[in-house]
Amino acid sequence: MKMKAVVLDAFGDVSNFHLQEVPIPTPKQNEVRIRVKAASFNPVDCKIRKGSYGGDCPLIIGADCSGIIDELGPGVTQFSIGDEVYGMPFGQCSNGSYAEYLCIPVQFIAKKPKHLSFEEASSLPLVSLTAYRAMIATHALEKKGPIFIAGAGGGVGSIAVQLAKHFHGGPIYTIAGSEESADFLMKTLKCKSDHIVLYKGLTLEDLQNKILAVNGGNLFGACFDFVGKEMKQLCIALAAHSGHVASILPEDPNSGTPAWIQAGGLCFRKNLSFHSIFVGAESFSGATSSWKIYQDHLSAITKLLDEKVLHSPILKNIGSLGVETVQEAHRLLESGRVKGKLVMQVS
């Protein structure tokens with residue numbers, strides 16, 4: 001039997017996506033097959049498309065999905081055919097979510113909260129698992145006092161703000177590139193207007209000084225970088241002595257010696273704890289036994305969703321499974337102007 005899928009024929013630009021009919025996968029030991037109802041898009045999709053994660057083409061990408069289980073692999077007892085689930089097909093899966101079906105190990109899925117639509121559920125796995133690692137699993141929120149978040153308006157950032165409000169409760173400071181973005185942060189995430197600094201036209205040093213000024217001249221116990229590059233430098237500069245910095249973005253290999261190992265680097269001079277966050281770590285290079293971390297974290301996230309502590313990001317539904325939909329999603333992601341998450345209906 002065949003399924004429709006948007007297949008990447010070669011690494012490169014969005015013109016390499018084509019709609020094809022490919023064999024429907026069969027679940028292996030401890031896997032389930034999901035009939036995908038909705039999928040969402042992440043910046044990492046663009047990196048995979050360009051070949052940053054290696055592998056071979058043709059390739060079906062897509063790291064978030066929700067749907068209905070229609071077949072169980074050997075050894076699966078905790079799920080049943082007909083269960084509505086959501087999960088992260090990132091690394092360990094038959095194929096990504098730009099397809100009508102996929103098979104995935106049970107550690108990477110959970111039952112969908114009943115009050116969420118399939119589109120809402122599909123927007124959550126990768127960003128919520130990433131934010132949970134950065135905020136909760138690192139124990140960064142145990143730092144007292146104000147915290148700083150770079151990239152609060154994105155998919156990961158919007159979940160991180162909610163986690164910080166629930167588990168930390170202290171003031172949250174962030175930045176915005178425009179009045180429109182600041183308005184989004186205030187209305188959608190309830191960030192305080194006097195805790196948002198507009199950065200357009202400012203040098204990195206001027207931005208740092210302005211952020212410190214609104215925080216009474218004080219550094220931050222914990223800083224979270226969900227943007228990368230200059231924002232990582234900013235977070236390191238804003239972190240207090242013995243503070244914590246978490247970043248979800250790797251940097252270019254040619255960007256020079258990492259600041260945290262330079263003799264005069266701020267990480268060393270300020271005794272900072274720097275935590276690199278890669279949500280696919282165990283999925284891509286860990287032993288099967290290490291995959292339990294996804295099950296544990298997704299279970300905790302599902303509980304927070306059920307309790308209405310967490311809510312899905314703001315969604316933009318850009319269409320149904322097809323080449324034009326996928327190409328548009330990638331163009332929007334690469335523009336850097338997406339707030340919340342982009343989703344598509346699959347079946």
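The values are calculated or read from the model by the stated rules, or taken from the named source; none is laboratory data. Computed from a predicted model, the values in this text were never measured in an experiment. Don't worry about glycine lacking a Cβ; one is built from the backbone with ideal geometry, like all the others, and counts go over all protein chains shown.
Filter the stretch 193-221 down to residues that are among the aliphatic types (A, V, I, L, M) and farther than 21 Å from Cys267 by Cα and give me whichever is farthest from the chain's Cα centre (by Cα).
So the residue we want is Ala213.
Just wondering, is there one or more residues in the stretch 132-144 that are part of a helix (DSSP H, G or I) and over 14 Å from Val245 (Cα atoms)?
Checking the stretch 132-144: at least one residue is part of a helix (DSSP H, G or I) and over 14 Å from Val245 (Cα atoms).
Would you mind stating whether Leu333 is under 23 Å from Leu102 (Cβ atoms), under 15 Å from the mean Cα position of the chain (by Cα) and either modelled with pLDDT under 95 or not hydroxyl-bearing (Ser, Thr, Tyr) (or both)?
yes
Just checking, how many residues over the stretch 92-116 are touching a Pro at 6+ places or on another chain (Cβ under 6 Å), under 23 Å from Val14 (Cβ atoms) and part of a loop (DSSP other than H, G, I, E, B)?
The number of residues fulfilling the criteria is 2.
Condition first: assigned to a helix (DSSP H, G or I) and exposed (fewer than 14 other Cβ atoms within 10 Å of the Cβ). Now tell me which residues in the stretch 284-299 satisfy that.
Phe284, Ser285, Thr288, Ser289, Ser290, Lys292, Asp296, Ser299
Those residues that are among the hydroxyl-bearing types (Ser, Thr, Tyr) and either buried (at least 24 other Cβ atoms within 10 Å of the Cβ) or modelled with pLDDT under 95 (or both), I need them from the stretch 102-131; list them, please.
Ser122, Ser123, Ser128, Thr130
Keeping to the stretch 186-220, report how many residues are assigned to a loop (DSSP other than H, G, I, E, B), of a type outside the set (A, V, I, L, M) and surrounded by 11 or more Cβ atoms within 10 Å (Cβ to Cβ).
Qualifying residue count for the region: 7.
Please name all residue pairs, on different chains or six or more residues apart, with Cβ atoms under 8 Å, provided the first residue is in the stretch 29-55 and is farther than 22 Å from Leu321 by Cβ and the second residue is surrounded by fewer than 16 Cβ atoms within 10 Å (Cβ to Cβ) and of a type in the set (Gly, Ala, Ser).
Taking only residues 6 or more apart or on different chains, the pairs are Gln29/Gly75; Asn30/Gly75; Gly51/Gly12.
Which of the numbered conditions does Tyr86 fail, given that it passes all the others? Conditions: (1) free of Cβ contacts under 8 Å to residues at least 60 places away in the same chain; (2) not in a strand (DSSP E or B).
Only one criterion is unmet by Tyr86, namely (2).
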